[in-house]
Each structure stands twice: as C-alpha cells, then as structure tokens.
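Take a look at the structure set out below.
The values are calculated or read from the model by the stated rules, or taken from the named source; none is laboratory data. On a predicted model such as this, the values are computed, not experimentally measured, just so you know. So basically every Cβ, Gly included, is an ideal-geometry build from the backbone, and we count neighbours across all protein chains shown.
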Amino acid sequence: MVNIGYTPQIKFMQNSTNSQYLSVSDLTHLIKLNLESVFYDIYLKGEVSNFRPSSNGHWYFSLKDNNSSIKAIIFKNNQQEILKQLKSNNQDFENGKEVLVEGRLSVYEKSGEYSIIINKVIPIGVGELTLRFQLLKEKLSSEGLFDENKKKSLPKYPEVIGIVTSPTGAALQDILNVLKRRFATIKIIVFPCSVQGESAKYEISKAIECANYHYKINSDKKVDTLLIARGGGSIEDLWAFNEEIVARSIFNSTIPTITGIGHEIDFTIADFCADLRAPTPSAAAEIVVKNKEDLVNSISSYKLRIEAGFNNYIEKIFSRFERCENERLTTLFERIYEEKNLNYSYSNDKFTNFFKNSYENSKKRFIKIAEKLNNLSPLSVLSRGYSLVTDVEGNVIKSSKDLKKDETLYIKLNSGKIKAGIIDIIE
C-alpha cells in the first residue's frame, strides 16, 4: 500500500550546452526526487531474506515474495523500538520471518539503486522458504543424515581434490587461487554444474555421484576429498543446496565431503549432511589442503629436533666418558668382571647340579627297571630249583602228551645241562 500525496511532472533538464542528453548523475537525481516525493509512505508485506547487520550498526536485508524482492534498510536509531515491539510478541528479527513493514522509498544516487527505509516492523510468522527449510531439516535429521558419528574424516594429506561448482563462478577462482598459493602441485578435478536455478539440484547431485562412481574405484583418478562450493547470495540463490536430492547425494558419498557455500552466516541443508562445513569457498580450500611451506617447515623443524636430541645424547655419553679417570675405569671394569664371573659361577654350579641330579635319578630308575626284568627272567626261575626241558630241536616241552618213548630230551638246570632218555610216560 502506498500513500501518494501528489504526482509531480518529471522534467528532463538540459545542461548548459543545450544538449539533448542528460548525464547519469542528472537522471539519477531526477529519479530520486520524483520517486522519494511519491513513495514517502509505504506499507509492505514480505519475507525477510539475506539479513546481514553491518559494522556501522545498520541492518541490511531484502523483503521478498514469490516473484519479487526489494532491498531494505533499518537504521540503527530505529532498531531499539522495533526490537522492543518484536520482544513483546516473543519474536526475533531473522531470515525467513514474514513481516509487515512501514517506511519510505530511498534512492542511492551513487549506484542508482532504490531501497525501502523501514521505521516499523510487525511480525506475522515464518516465511514459505524458511518453513520448507525447517521441515526438510527435521525430516533428514530424524533419518540420521546429520549424525556426527556417521561423518567421515578428511584425509590429512590429500593427493587429488574434486570440486563440485559452477565452472564460471567466482567461487571456483577463489578456491583455485587458495590451492595454488598453499600447494601449487596438488591435482584438482572440477565437476562442473549449475549452482542456481531449477536444474541446479539435479546437476549438483549428478556431479557428486559422478565423482563417486568414476573417481573412487579408479586408482589413477582417485579423488581423496570432494569440495562442494558456491559463492554468496540470498536464500533463493542458495536454495539448490537445500534440496533433498542434493542432501542425500552428499550423505551417500563414499568420498569425504566439505562444503563452502555462501558467506559465514549462511547455512544450508548440504552443510549439515557434509562431513565438514566451511564458512566460505576460500575457507574450504584452506581447510582441505595444508600449506606446502608449513609442511616443509614442520619437517625441517622435526629434523632439527631429532638431530639436536641425538647430538645432545652423544655429547652426554662422551662427556661422561671423558670425566672418568683410568683408575676409576679400571675399578669399574673389575667390578663388572667380578659381577659377570659370579654370574658365571652361579650358572655353572646350577647347571652342574642339575645334570648330576638328573644322572642319579636316571640311574636309580634304570636299576629298578633292571630288577623288574631280572625277576621276570627264566634264569631267575631256574635258580629257585626249577628246570627247563626241551627236545632235540630246542622246543620247550610243556606236556607229557608231546613226548614219545625212547625220545631224547635235554634238561636245563640252574647250573649245567643234562641229556636224558624217556623209559616210560606216566600221565
């Protein structure tokens, strides 16, 4: 809603040379005079977007609807009253908030841009994009896509870095400049895609999947880390990175991912799914690769520390050796010799006693076994008065049934042997 007090006649003034052409400054000044005089009391409804407090204390942001947006400013001296009104309604001034505002139109002559200068804000609710963002965030979070324990560690010293971004965007040049400065010889593979517009979400997803399919199993083109980047912009500009298809591609990536999307204050769904989030594309490049000079300096520092420690140890040994007198060294060596000699004597006695005991025990066991064998010997039986009878072929006679009359027998006694003949067989 706009209150128009009057509609002035716009006059195109000629310059001093009566030329029909106006200077840019003259035209901009005329536009400023006419617009500001007409749109001095404006009532708008819209969603807060790209909100960024400045260092001078003023608030800069955009008011948007589904089709258009306008730049907006709230000066520092109006903020206290606006915050007080928001607080009374338990509201914050933030991106995605749908509000009613009152203000006036202003033209900044230097750039020819117009903005609405706001002096009053009435909150309504959450904007459409912010609501979509929150709903998708809650859905993916409940499925575990943001879980810290599922995030992969970035390699400490990557050899090949993949970059998913627009090949014509400023973000790619920023990343390349940082990587070249920090580690000029590192290999880089760019996976080009759109980062804004309707097709961007599909292109980003395909680029991530391409990197995982072709550059993970192929050792010659293996990508160690995947950097997903885009320069700054409004929530609408960054919306491709808030799409579910992109979030799932990042989560399913087997290659560790790091995002550098927008400015430090910008957060997207992709940032929550990535293994690591960097505030900007340049910051992502600084995180993903170490500075070559720092690595060389670290190696040199470790080398010097190792050499210094070793040299210090050697110097201590030589110093202790040089401080020792000949008499002291002789005494020390004699002490060592005596100690070793005692150890030898102790070990020698120990082993001698061990083998002597083993021999005596074995001897006793042998005697016992011999006695058992002797008791089982036929000779032992003969010594008790028994005899052994055999035929002429040496076969032992066990029964009278095995004998014949007039057969010759041999009788073995404990001492001696006799030859006998059979006169008769008595059963």
Can you find even one residue in segment 229-240 that is of a type outside the set (Ser, Thr, Tyr), within 30 Å of PHE51 (Cβ to Cβ) and part of a helix (DSSP H, G or I)?
yes
In segment 105-118, which residues are surrounded by 15 or more Cβ atoms within 10 Å (Cβ to Cβ) and farther than 15 Å from SER49 by Cα?
LEU105, SER106, VAL107, TYR114, ILE117
Which of the residues spanning segment 49-63 are closer than 16 Å to LEU129 by Cβ and either modelled with pLDDT under 90 or in contact with a helix residue (DSSP H, G or I) (Cβ under 9 Å, 6 or more places away or on another chain) (or both)?
SER49, ASN50, PHE51
Can you spot a residue in segment 250-266 that is in a helix (DSSP H, G or I) and either in contact (Cβ under 8 Å) with a residue 60 or more places away in the chain or in contact with a strand residue (DSSP E or B) (Cβ under 9 Å, 6 or more places away or on another chain) (or both)?
yes
Inspect segment 224-239 for any residue being of a type in the set (A, V, I, L, M), in contact (Cβ under 8 Å) with a residue 60 or more places away in the chain, more than 28 Å from LYS290 (Cβ to Cβ) and surrounded by 19 or more Cβ atoms within 10 Å (Cβ to Cβ) and give the result as yes or no.
yes
